[in-house]
Every structure is written in C-alpha cells, then in structure tokens.
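J.: Sending over a structure as structure tokens; questions will come in a sec.
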Amino acid sequence: MFFTNYNSPLGKIIINGDDKNICGVYFENQKYFPHSIISDFIENKDLEIFKTTINWLERYFAKEKPKISELSLTPQGSDFRKLIWEILCKISYGETMTYGEIAKIAAKKLNKLKISAQAVGGAVGHNPISIIIPCHRVIGANGDLTGYAGGIDKKIKLLELEGIKINSLKNNKKYNIF
C-alpha cells in the first residue's frame, strides 16, 4: 500500500491506495484518520492512480464537476457501510440529502422496513474517501449541518464551493464561522 500528499485549498489531504485503486482520501488529522497510513505505507507520489486522483481533486476545487466514475475506488468497510457510500455517490454535485432519506433508500435496497438515521450517520462518518464519496452533502433532517470528520468548517467550504447556499439551510446560523 502507498500514500501521497495533496495540498488542497482546504489543507493537506493524504491519499492512499494500491497501484490501481484509491482506498482513502483524508484531511490531515481528521476524525477516524488511520495513522498507520503514514507509518506502514510507502510514500509514492508517482503512481498514476495518485496523479489521476490529484487531477480529479484539482478539477473539483476548480468547480469543474468531475465524475466519481473517473476513479477506481475501493473503500474498505462492512457491507452496510459500502451500501451507504454507494448511495452517497448518487448525490449530485450541488445537492444535499438527509440521513433519513439515505436510511429509506438503504432500507429499500436491503428489504427492511426501517434503518435508523443514526446507523446511516455512523457509516457516513466513517467514509474513508472524503470529497470524492461526497459525505459532505449529507445534512440533518431539519437542515442542520451535522458533523463532518474533516471538520464542520471544511464541510461548509465544500458545500459553498458547490453553490449550496448555506444561509438557506435551516438552523445554520450556529455554523456561520466566516
């Protein structure tokens, strides 16, 4: 396994994977950051998959709306978490979805009557491929900007970058940190 660093407009990002797939995209020191990446993996900025991912991120930050399908992603997690991350990938650029909406979609796919929004929240929070698998687009049922492993300040910046009017989200005043 390998890793490289990318200096994004929102701070340092660590990208990890093998020579063909991306397994992780993390803001430095974000919640749930697997510190073993730095100690156990080999740094290699020359892998084509890393160059492609950095290009994708640069285009994203330039508001070019790159497609997730351009990258080979292999996030590691339980089947439930992978299902939630798959649903996250369907949230369009500039759109948001609530934890409850995701729970309803997941319940239907799993042939269950109900899945809790809290269970969805746990899976969303442990998304190992930040930005690309767009967990920042998930909000609370009442419009609250709930937690983000990279930090609520980064979530706000990502949503604003995508043209989402933070002021239009209910109860957002407590997040007005700029």
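The values are calculated or read from the model by the stated rules, or taken from the named source; none is laboratory data. From a predicted model like this one, the values you see are computed outputs, not experimental measurements. As a convention, Cβ positions derive from the backbone with ideal geometry for all residues, glycine included, and neighbour counts pool all protein chains shown. Only protein heavy atoms, including side chains, enter the accessible area calculation; ligands, DNA and RNA are left aside. Shrake-Rupley method; radii C 1.70, N 1.55, O 1.52, S 1.80 Å.
J.: Looking only at the stretch 34-65, count how many residues are touching a Gly at 6+ places or on another chain (Cβ under 9 Å) and either closer than 19 Å to residue 92 by Cα or open to solvent by less than 30 Å² (accessible area, probe 1.4 Å) (or both).
T.: Number satisfying all stated conditions: 7.
J.: Which of the residues spanning the stretch 114-123 are open to solvent by 10 Å² or more (accessible area, probe 1.4 Å) and assigned to a helix (DSSP H, G or I)?
T.: 117, 118, 119, 121, 122
J.: Here is a further query. Scan the stretch 127-170 for residues that are open to solvent by 50 Å² or more (accessible area, probe 1.4 Å) and either of a type in the set (Ser, Thr, Tyr) or assigned to a loop (DSSP other than H, G, I, E, B) (or both) and jot them down.
T.: Within the stretch 127-170, 141, 142, 147, 163, 165, 168, 170 qualify.
J.: Follow-up question, since we're still on this one. Given 29, 44, which one is touching a strand residue (DSSP E or B) at 6+ places or on another chain (Cβ under 7 Å) and either among the hydroxyl-bearing types (Ser, Thr, Tyr) or at pLDDT below 95 (or both)?
T.: Going through 29, 44 in turn, just one is touching a strand residue (DSSP E or B) at 6+ places or on another chain (Cβ under 7 Å) and either among the hydroxyl-bearing types (Ser, Thr, Tyr) or at pLDDT below 95 (or both): 44.
J.: With the requirement that a residue be within 17 Å of the chain's Cα centre (by Cα) and of a type in the set (Ser, Thr, Tyr), what does the stretch 92-126 give you?
T.: 92, 93, 96, 98, 99
J.: Now, a different point. Please give the strands (runs of 3 or more DSSP E) falling wholly within the stretch 1-113 in which 3 or more residues are touching a residue at least 12 places away in the same chain (Cβ under 8 Å) and aliphatic (A, V, I, L, M).
T.: Answer list for the stretch 1-113: 11-17.
J.: Tell me which residues, restricted to the stretch 66-84, are surrounded by 14 or more Cβ atoms within 10 Å (Cβ to Cβ) and over 16 Å from residue 21 (Cα atoms).
T.: 66, 80, 81, 83, 84
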